[in-house]
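A.B. asks: Pasting in a structure now, in structure tokens, and then I'll have a few things to ask.
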Amino acid sequence: MKEKAAICIGIIAALVFAVSVVQICRICIEGGLRSRAQSLAVSGRYGEAAEIYERLGDDSAAADSRALESQESYQQAVSLLQQGDTAGAAKLFSSISQYRDAADYLIACGWQEALEAQDTEKLLTARSVFTKLGSHSYCTQALEQINSLLLEQAKVRAQAPDLSGALEILDKLGSYKGSDILAERCRKMLDWVGAPEGGRLLTEERRYMPDKLENVYLCDEAYIVVPEVLDSSTGFFIYFPGGRDEEMSVDYLLYYMMNPSPNTLAVFMRRNGLEDMEAKTGRAVEILDRAAAECGLFPRDVVTAGSSLGAYPAMHFAYYAWKDHALRTDCVLSLDAGSDWMESWLLLGEEQCRALAELGTDFYLFESPWVGMNREGICRMVNAGDKVTMVGCYFDDHVRISLDAMGMGVVDWAVNDRSQPCNPDIYTFVTLRPGDEDKWD
């Protein structure tokens, strides 16, 4: 009996010893694996470390290693994208698509395809990513191309007119090339579109000479001519009268009505605002935008003209309309500028001339014989790179130069197609370049 008890005790002791040995071996193995995993993590091999932790059943440590692996891949992918390796970056971002904003960065890797497809949403996402990436050369170049297309898309939407759609883009472009200023114009125009009848410009009560003119409206500061046809090709024209803040003679409006530009929304300012041409520009833009909004239009470009002293506000309009309202002036018609350009305080400054040269505004200076003219302001424009064309007028009467321009299709030519000189029987065109002063005589 005692022998059997001893045998049992021996067996139990052996089992306990075996279990202990196994336990000690397991602990040693796990310790070795954990040490291995830690070494791998220290050396940056987070994926291998995570696999070991998963074998050990340490979900927390495995998750930490996977997160570190994703973080490292993310940083590597960001670096590749900053260097312009979109394919390499896309591969890494795809492997961690659920990590942070990797999905947005993956879209940014395909920005060129989005640019070609003009995919607005993807371009906006890519823009946000490249803005975060900083001033690396590749990023700034990509950002410029993306911003340029988005701004064009916003302008196209505004012309649709889809002012709300345009604002969705403009608000994200910030101050890029006047996007914030353009956005403010869109907001105002949205308000004018929804204005009650009493707050509108183009109402029956505002009709001017309704028994003779079908499409002219009068407000405190301007006459507004609305064309019969209004569509995406409609042009825009603003006229500044001569004199020293004197009321415009209706003759200029009536001459225009004899031969109007048929698809042009025209605003004839009643006074030229010589004392504060920037403020007058603001009022002219507001009237144009309000009328355009009520017609379902959005002005992207405008042609301006001014007679005598009104030629100066017309030229300054081109500068202030862009600076303050992001409205580009395509062409300026200076109709026998008052006092033969002698009043220097009315001339464009050098900075303004350079800005308009960059904008690409064309200047056509309709003048009587040029003997005795002050050439300082014209030379400044030409030397700054402005596109300036002198237009010699067959009839040199000061008033007739303006009336001819209003009544003989010059406005329609300026708004629509200036590829060929207009009315060559009475006008001679000479485009000026630096050093060409001898051609003026």
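A.B. asks: Please work out if Gln82 is surrounded by fewer than 15 Cβ atoms within 10 Å (Cβ to Cβ), within 18 Å of Gln141 (Cβ to Cβ) and modelled with pLDDT of 85 or more.
C.D. replies: No: the conditions fail for Gln82.
A.B. asks: Of all residues in the range 255-291, count the ones that are part of a helix (DSSP H, G or I), of a type outside the set (D, E, K, R) and buried (at least 22 other Cβ atoms within 10 Å of the Cβ).
C.D. replies: Looking only at that region, the number is 6.
A.B. asks: Please go through the range 115-133 and pick out each residue that is over 16 Å from the mean Cα position of the chain (by Cα) and in a loop (DSSP other than H, G, I, E, B).
C.D. replies: Once the filter is applied, which keeps residues that are over 16 Å from the mean Cα position of the chain (by Cα) and in a loop (DSSP other than H, G, I, E, B), the range 115-133 yields only Asp119.
A.B. asks: Looking at Phe363, Phe317 in this structure, which one is touching a residue at least 60 places away in the same chain (Cβ under 8 Å), aromatic (Phe, Trp, Tyr) and in contact with a Ser or Thr (Cβ under 9 Å, 6 or more places away or on another chain)?
C.D. replies: Residue meeting the stated conditions: Phe317.
A.B. asks: Just name the residue that is least open to solvent (accessible area, probe 1.4 Å) out of those in the range 367-411 that are among the acidic types (Asp, Glu) and in a helix (DSSP H, G or I).
C.D. replies: In this case the residue turns out to be Asp404.
A.B. asks: Against the condition of a type outside the set (A, V, I, L, M), open to solvent by 10 Å² or more (accessible area, probe 1.4 Å), more than 24 Å from Ala108 (Cβ to Cβ) and touching a helix residue (DSSP H, G or I) at 6+ places or on another chain (Cβ under 6 Å), how does Tyr217 come out, does it pass?
C.D. replies: Judged against the criteria, Tyr217 is a match.
A.B. asks: A further question follows. Check the range 177-198 and report whether any residue there is free of Cβ contacts under 8 Å to residues at least 24 places away in the same chain, in contact with a strand residue (DSSP E or B) (Cβ under 7 Å, 6 or more places away or on another chain) and within 28 Å of Tyr239 (Cα to Cα).
C.D. replies: The answer is no, given that none of the residues of the range 177-198 is free of Cβ contacts under 8 Å to residues at least 24 places away in the same chain, in contact with a strand residue (DSSP E or B) (Cβ under 7 Å, 6 or more places away or on another chain) and within 28 Å of Tyr239 (Cα to Cα).
A.B. asks: So is Leu230 in contact with a Cys (Cβ under 7 Å, 6 or more places away or on another chain), open to solvent by 10 Å² or more (accessible area, probe 1.4 Å) and assigned to a loop (DSSP other than H, G, I, E, B) or not?
C.D. replies: yes
A.B. asks: Could you list all residues from the range 164-208 that are surrounded by 14 or more Cβ atoms within 10 Å (Cβ to Cβ) and over 30 Å from the mean Cα position of the chain (by Cα)?
C.D. replies: Across the range 164-208, the qualifying residues are Arg206, Arg207, Tyr208.
A.B. asks: Looking only at the range 322-333, decide whether some residue is over 19 Å from Gly310 (Cα atoms), of a type outside the set (Lys, Arg), assigned to a loop (DSSP other than H, G, I, E, B) and touching a Gly at 6+ places or on another chain (Cβ under 6 Å).
C.D. replies: Looking for residues that are over 19 Å from Gly310 (Cα atoms), of a type outside the set (Lys, Arg), assigned to a loop (DSSP other than H, G, I, E, B) and touching a Gly at 6+ places or on another chain (Cβ under 6 Å), one finds at least one in the range 322-333, hence yes.
The values are calculated or read from the model by the stated rules, or taken from the named source; none is laboratory data. This one's a predicted model, so the numbers in the text were calculated from it and none came from an experiment. Cβ atoms come from the backbone with ideal geometry, glycine included; neighbour counts cover every protein chain shown. Ligands, DNA and RNA are stripped out before the accessible areas are found, and what is left, the full protein with its side chains, is counted by its heavy atoms. Shrake-Rupley method; radii C 1.70, N 1.55, O 1.52, S 1.80 Å.
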